[in-house]
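The values are calculated or read from the model by the stated rules, or taken from the named source; none is laboratory data. Note that the structure is a prediction, hence the values are computed from the model and not measured. Cβ coordinates were reconstructed from backbone atoms using ideal geometry, including for glycine residues, and neighbour counts include every protein chain displayed. Note: areas computed on protein heavy atoms with side chains; ligands, DNA, RNA excluded. Shrake-Rupley method; radii C 1.70, N 1.55, O 1.52, S 1.80 Å.
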Amino acid sequence: MNTDVFAIGLPWAPSAQDGSSTETTPGGAVRRFLGGPENRLVRTAVEALDHPHPPWNPVVFYGPTATGKSHLAAGLLARWKQSHPDSQVITTTGADFSRMVTTAARRGEPVDFMSMWQSVDALLIDNLHELANFPSAQEQLVLRLDELIASDRLVLATCVGNPLENFSLTRRLVSRLSSGLLVPVEPPSAATRQALALHFAMQHQVDMTAAAAKQLAEAFSTNLPELQGMLLELFAREFGAAPQLGKMRRIDSLAARRFISAKVTGRTPTLQAISSAAARYYQVKITDLRGPSRRQSIVAARDAGIYLARKLTKSSFATIGKHFGGRDHTTIMHSIQKLETRRKREAATQSALDELERLIQRQAQ
């Protein structure tokens, strides 16, 4: 196995079912963050956080969705709690924080952060990008960060994309975040995926050749959970529900090619499947995508559906327009161009499109 692949043990404490801020407590099953050379800075940050007085504060983990940022940050907070058993730690999200601030403002009530956070020793704010377009909530967070950092309280955060490149975050908030350590969390490279495939196969008592692992790693640019899911599917196809007695469980190049061929020749998604997936992802009704509503969530879902319909099916602008409520082909072209511009400027938009595309492709297989 590649010696550059490393594992970070994380004591895990799941958050409340309703997604509200909760105190993180030690205990629970030990999980791991697995990384390779592309995530060397992650290991550096973790080693620094193990010191009694970490040299950086705050520490922000950023990158695409499904790379393990939230898992890593929450696990590190639980690990820090184990080293500071008498401390009080809190987790929240960008959406929860902005909701708390905007709800209070709507009611004309101040948010009493002093009584809420005065005993906090460490804070994790997950999904900072959810604060986009909420400048008042961002300003409140800046004030809270100043208080926590000035009193040497640990702050961890996660964000889709580099905060320095997120034009929806205020300069003051980006300045506070960049005063600490910004840690990119990258998807595993092909070499790392190959090493992880061999390691995962060994855990399942499967003899996988290096050539087969390389073929699988190069064929599928996936994150670790998806890679593990595909390997389990491969094992099930090759060995059935349970291994046969006396039969060697082995994955060679032929088995890998057979599996890759079966996965790559999946069906092209239909326009209906794409629009349905977009509606579910953005939590709107599919009929809204075909209607005239300009509500932000509906427009986002409609634009994403139109963009991916063109990308994944190569249907004409007129055909896509007819499917999405009889819209003119120029409207479809404008929607695609608009989202293409946003995709290049905003990492969060790119990440959402990538995640939605993966969901659509998985359903089409």
Any chance you could count how many residues in region 179-204 are crowded, with 19+ Cβ neighbours inside 10 Å and either free of Cβ contacts under 8 Å to residues at least 60 places away in the same chain or of a type in the set (S, T, N, Q) (or both)?
6
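Quick one: how many residues across region 76-102 are assigned to a helix (DSSP H, G or I) and open to solvent by 70 Å² or more (accessible area, probe 1.4 Å)?
At the first step, the residues of region 76-102 found to be assigned to a helix (DSSP H, G or I) are 76-83, 94-102.
Cutting the leftovers down to open to solvent by 70 Å² or more (accessible area, probe 1.4 Å) gives us 82-83, 99.
Going through region 76-102 one residue at a time, the tally reaches 3.
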Select from region 316-337 the residues that are buried (at least 19 other Cβ atoms within 10 Å of the Cβ) and outside any helix (DSSP H, G or I) and list them in ascending order.
Phe324, Arg327
Consider Ala105 against the criteria (1) modelled with pLDDT under 90; (2) within 25 Å of the chain's Cα centre (by Cα); (3) open to solvent by 40 Å² or more (accessible area, probe 1.4 Å); (4) closer than 22 Å to Ser168 by Cα: it satisfies all of them except one. Which criterion is unmet?
(2)
Condition check: without any contact (Cβ under 8 Å) to a residue 40 or more places away in the chain and in contact with a helix residue (DSSP H, G or I) (Cβ under 9 Å, 6 or more places away or on another chain). Does Ala212 satisfy that?
no
Candidates Ser136, Ser151, Ser87, filtered to the one that is within 22 Å of Gly9 (Cα to Cα), small (Gly, Ala, Ser) and out of contact with any Phe, Trp or Tyr (no Cβ under 6 Å at 6 or more places or on another chain)
Ser87
Among the residues of region 205-226 satisfying the criterion of being closer than 22 Å to Arg362 by Cβ and not aliphatic (A, V, I, L, M), which is surrounded by the most Cβ atoms within 10 Å (Cβ to Cβ)?
Gln215
Just a yes or no: is a residue in region 54-75 assigned to a helix (DSSP H, G or I), in contact (Cβ under 8 Å) with a residue 12 or more places away in the chain and over 27 Å from Ile8 (Cβ atoms)?
no
Number of the exception - Glu109 against (1) under 26 Å from Gly9 (Cα atoms); (2) not in a helix (DSSP H, G or I):
(1)
Open to solvent by less than 30 Å² (accessible area, probe 1.4 Å), assigned to a helix (DSSP H, G or I), under 18 Å from Thr349 (Cα atoms) and among the hydroxyl-bearing types (Ser, Thr, Tyr), is that true of Ser275?
yes
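Being modelled with pLDDT under 95 and either open to solvent by less than 10 Å² (accessible area, probe 1.4 Å) or aromatic (Phe, Trp, Tyr) (or both) narrows it down to one of Leu169, Leu164, Leu131, Leu143, so name that one. Show your work before the answer.
Values: Leu169 fails: either open to solvent by less than 10 Å² (accessible area, probe 1.4 Å) or aromatic (Phe, Trp, Tyr) (or both); Leu164 fails: either open to solvent by less than 10 Å² (accessible area, probe 1.4 Å) or aromatic (Phe, Trp, Tyr) (or both); Leu143 fails: either open to solvent by less than 10 Å² (accessible area, probe 1.4 Å) or aromatic (Phe, Trp, Tyr) (or both).
The match here is Leu131.
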